[in-house]
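Trainee: Okay, handing you the structure first.
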Amino acid sequence: MHELGITRNIVAIVTEHAGDRRVKRVALEIGKLSAVMPDAVRFCFDVCSKDTPLEDAELEILETPGRGCCLECGAEIALDQPFGRCECGSARIECISGKELRIKEMEVY
Ligand SMILES: [Zn+2]
């Protein structure tokens, strides 16, 4: 489960920014194509945040949809996986969003 390492990183970054304040809320943006499972992150967050300023913080996860651009005709299409097929028949799709994983906001007391 690679979410454990990812969540540890997130907790470390937020802890650094929080200084000696307690964290009230953290909002993460997780792309649908990032291969990161929000439920796993939630579970890991409970474990990783123990004894840190993030303990009992509210975790908000915003899932961003996957979007791709067809390299043949330039059409934009919705993607559920990091690959797909355009209406024009082309499978040359470039991902333009949905792979992001970032800390969007954090709130401290
Ligand atoms: Zn196309």
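Trainee: Count charges around THR52 for me, please; just the other residues with Cβ under 15 Å from its Cβ, Lys/Arg as +1, Asp/Glu as -1. Write out the running numbers ahead of the final one.
Mentor: Numbers: positive: ARG8, ARG21, ARG22, LYS24, ARG25, LYS50; negative: GLU16, ASP20, ASP46, ASP51, GLU55, ASP56, GLU58.
Computed value for this residue: -1.
Trainee: Quick one: net charge of CYS86's neighbours, Cβ under 15 Å, K/R +1, D/E -1? Walk me through the numbers before you get to the answer.
Mentor: Working: positive: ARG67, ARG85, ARG92; negative: GLU72, GLU76, ASP80, GLU87, GLU94.
With Lys, Arg at +1 and Asp, Glu at -1, the net is -2.
Trainee: Rank LEU71, LEU62, LEU54 by mean-square fluctuation in a GNM of the chain with C-alpha springs under 10 angstrom and give only the top-ranked residue.
Mentor: Per the Cα network of the chain with a 10 Å cutoff, LEU71 tops the list.
Trainee: Given only helices, namely DSSP H runs of n ≥ 4 each adding -39500 (n - 2.57), what is the per-residue ellipticity at 222 nm of the chain, to the nearest 500 deg cm²/dmol?
Mentor: Working: 2 runs with 27 residues, N = 109.
Value at 222 nm, helices only: -8000 deg cm²/dmol.
Trainee: Measure nothing but the geometry: give the 0 to 90° angle between the long axis through the Cα atoms of 38-48 and the longest principal axis through the Cα atoms of the chain, rounded to 10°.
Mentor: So the inclination is approximately 20 degrees.
Trainee: Against the longest alpha carbon principal axis of the chain, how many degrees, from 0 to 90 and to the nearest 10, is the axis of helix 3-18 turned?
Mentor: For helix 3-18, the angle is close to 60 degrees.
Trainee: Right, another one. Counting DSSP beta bridges with both partners in region 3-108, what percentage is antiparallel, nearest 5?
Mentor: On the way: 15 of 22 bridges.
Counting DSSP beta bridges with both partners in region 3-108, the antiparallel share is about 70 percent.
Trainee: Here's something else I'd like to know. Across the chain, how many lysine pairs, 8 or more positions apart or on different chains, have C-alpha atoms separated by under 20 Å? Please give the number. Write out the running numbers ahead of the final one.
Mentor: Numbers: LYS24/LYS50; LYS24/LYS104; LYS32/LYS99; LYS32/LYS104.
Count of close lysine pairs: 4.
Trainee: Sticking with this one: Please give the per residue volume of the convex hull enclosing the alpha carbon atoms of region 3-108, rounded to a whole number of Å³. Walk me through the numbers on the way to the answer.
Mentor: Values: hull volume 9.1 nm³, N = 106.
For region 3-108, the hull spanned by Cα atoms encloses 86 Å³ per residue.
Trainee: Grab the beta carbon distance between ARG92 and ASN9, set R0 = 30 Å, and tell me the FRET efficiency rounded to 0.05.
Mentor: On the way: r = 33 Å, r/R0 = 1.10.
For ARG92 and ASN9, the calculated efficiency is 0.35.
Trainee: Follow-up. Between TYR109 and ARG85, what length comes free when the chain is fully extended (0.36 nm per residue of separation minus the Cα-Cα distance, one decimal in nm)?
Mentor: On the way: separation 24, 0.36 × 24 = 8.64 nm, distance 4.72 nm.
Once the chain is fully extended between TYR109 and ARG85, it gains 3.9 nm.
Any read-out appearing in this document is the output of simple, stated calculations on the displayed coordinates, not a laboratory observation. Just so it is clear, the structure is predicted and the values come from calculations on it, not from any experiment. Every residue, glycine among them, receives a Cβ derived from its backbone with ideal geometry; neighbour counts consider all protein chains shown.
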